[in-house]
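What follows is one structure encoded as structure tokens, with my remarks underneath.
Any read-out appearing in this document is the output of simple, stated calculations on the displayed coordinates, not a laboratory observation. Quick caveat: nothing in here was measured; it's all calculated off a predicted structure. Note that each Cβ is placed from the backbone with ideal geometry, even for glycine, and that neighbours are counted across all protein chains shown.
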């Protein structure tokens, strides 16, 4: 049995204490997450999907997020940059990326999943990507990253809604107001 790993929003603006929207304790999970990713078994891992919260300075003020949070993760800036050494993910494990402009990685229509190692490869539409995983026998998703009570929650809830078994290791997540244990209990995982 293989699982997909979803690494949610491990970006400088969320992870670094001096980021635009730091998640408490997020810096503390970078090294353990890199070690965990490096130890993934290619035979048991269908792939690693990295989500990137992605905003644009000229349109952020018109978004729902702007009412609650300062501008953050502006595409192409230092704050948008991923904080993980992706070279730690074994080469035999497919590495994917998804850019999203809202909390919920499932909410926006026509979102693409790109090959993170080969950007020239044709992207897959998000729902088709996950349907293909199911067709290939992938039944589980492990979700890690930030923030447990926002984007990690929605990633897990969306995977559950699509029929995947979901795990969310608390030691590899951090929340803003709620820890992963509390979010997992609310989701029933």
Inset, instruction - Springs between alpha-carbon atoms under 10 Å, Gaussian network over the chain: tell me which of 129, 14, 103 tops the mean-square fluctuations. - result: 129
Inset, instruction - Considering Cα pairs under 8 angstrom that are at least six residues apart, work out the relative contact order of segment 3-187 and quote it in whole percent. - result: 26 percent
Inset, instruction - Using a/c under 1.5 as the rounded threshold, could you call segment 73-175 rounded, prolate or oblate? The axes a ≥ b ≥ c are square roots of the C-alpha gyration tensor eigenvalues, and prolate needs a/b larger than b/c, oblate otherwise. - result: rounded
Legend entry - Helix axis angle, 151-161 relative to the chain longest principal axis, alpha carbon, degrees: 40 degrees
Inset, instruction - May I ask you to order 166-175, 18-27 by the average number of other C-beta atoms within 10 Å around their residues, highest value first? - result: 166-175, 18-27
Inset, instruction - Report, in deg cm²/dmol and to the nearest 500, the calculated mean residue ellipticity at 222 nm for the chain, where each DSSP H run with n ≥ 4 adds -39500 (n - 2.57) and the sum is divided by the residue count. - result: -6000 deg cm²/dmol
Legend entry - Crossing angle, helix 126-135 versus the chain [Cα axis fit, 0-90 degrees, rounded to tens]: 20 degrees
Legend entry - Theoretical FRET efficiency, 1/(1+(r/R0)^6), r = Cβ-Cβ of residue 171 and residue 17, R0 25 Å, to 0.05: 0.80
